[in-house]
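Read through the structure below, which is laid out as structure tokens, and then see the notes.
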Amino acid sequence: MKLIILDHDGVINFDSNIITTPTEWRPIPGSLEAIAYLNQVGYRVVVASNQSCDRKVLDMVAFNAINDKMNKAVSQAGGRIDAVFFSPYSNVERRNFRKSLIIMFEEIAERFGTDLKGVLIVGDILRYLQAAESVGAVPTLVLTGKGKKIRTARSLPKSTKVFSDLAAVVDTLTK
């Protein structure tokens, strides 16, 4: 099975700190078509959001409404998202953000019955990429969102692949 894991903000849609309503969700040009193309060439596409769904910042109703808008937009572009995962911790409990991402990535592997070795995990924040490396996946940085700022971070995993955006990831991946 071919699998790719994508972050929401900064990868599929423009990052505006924390998106709390569907009206704030706006796709990055080319991202929806990139997801559709991944589906066409046999990839399962999973979104792993680093947001938690507690009432202080973003509740489940708003999170689901945002994802509904995203899924409809992807569908209109001819694609689909196979699953959406979110942080298992509330903002209060989130003491170790990277660990919560590792748990989420491991849950994805279990749910899809696969090993994450060689799976691209695409994000624009350092902890997301570090967690990808921790589970044996390929940390993949896009320079959209916060990506430009962390590109030169000392603690960026050495195996990180760097691309301008999700469309460029897909172009390289499917050649």
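The values are calculated or read from the model by the stated rules, or taken from the named source; none is laboratory data. Please read all numbers here as calculations on a predicted model, not as lab measurements. In this analysis, Cβ positions are derived from the backbone assuming ideal geometry, glycine residues included, and neighbour counts consider all displayed protein chains.
Values as computed for the structure displayed
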read-out: Qualifying residue in region 91-113 (condition: part of a loop (DSSP other than H, G, I, E, B), over 22 Å from Y37 (Cα atoms) and at pLDDT 95 or above); value: yes
read-out: Residue within region 123-132 that is aromatic (F, W, Y), closer than 22 Å to Q40 by Cα and in contact with a strand residue (DSSP E or B) (Cβ under 9 Å, 6 or more places away or on another chain) present; value: no
read-out: Residues (of a type in the set (K, R), in contact (Cβ under 8 Å) with a residue 24 or more places away in the chain and surrounded by fewer than 17 Cβ atoms within 10 Å (Cβ to Cβ)) located in region 119-175; value: K161
read-out: Residue, farthest from R26 (Cα to Cα), within region 132-155, restricted to residues that are modelled with pLDDT under 95 and of a type in the set (A, V, I, L, M); value: A153
read-out: Criterion violated by V74 - all others in (1) hydrophobic (A, V, I, L, M, F, W, C); (2) at pLDDT 95 or above; (3) in a helix (DSSP H, G or I); (4) more than 17 Å from N39 (Cβ to Cβ) satisfied; value: (4)
read-out: Hits in region 4-18 - residues which are surrounded by fewer than 21 Cβ atoms within 10 Å (Cβ to Cβ) and touching a residue at least 40 places away in the same chain (Cβ under 8 Å); value: F14, D15, I18
read-out: Test for S16: is it within 25 Å of S100 (Cβ to Cβ), modelled with pLDDT under 90 and not in a loop (DSSP other than H, G, I, E, B); value: no
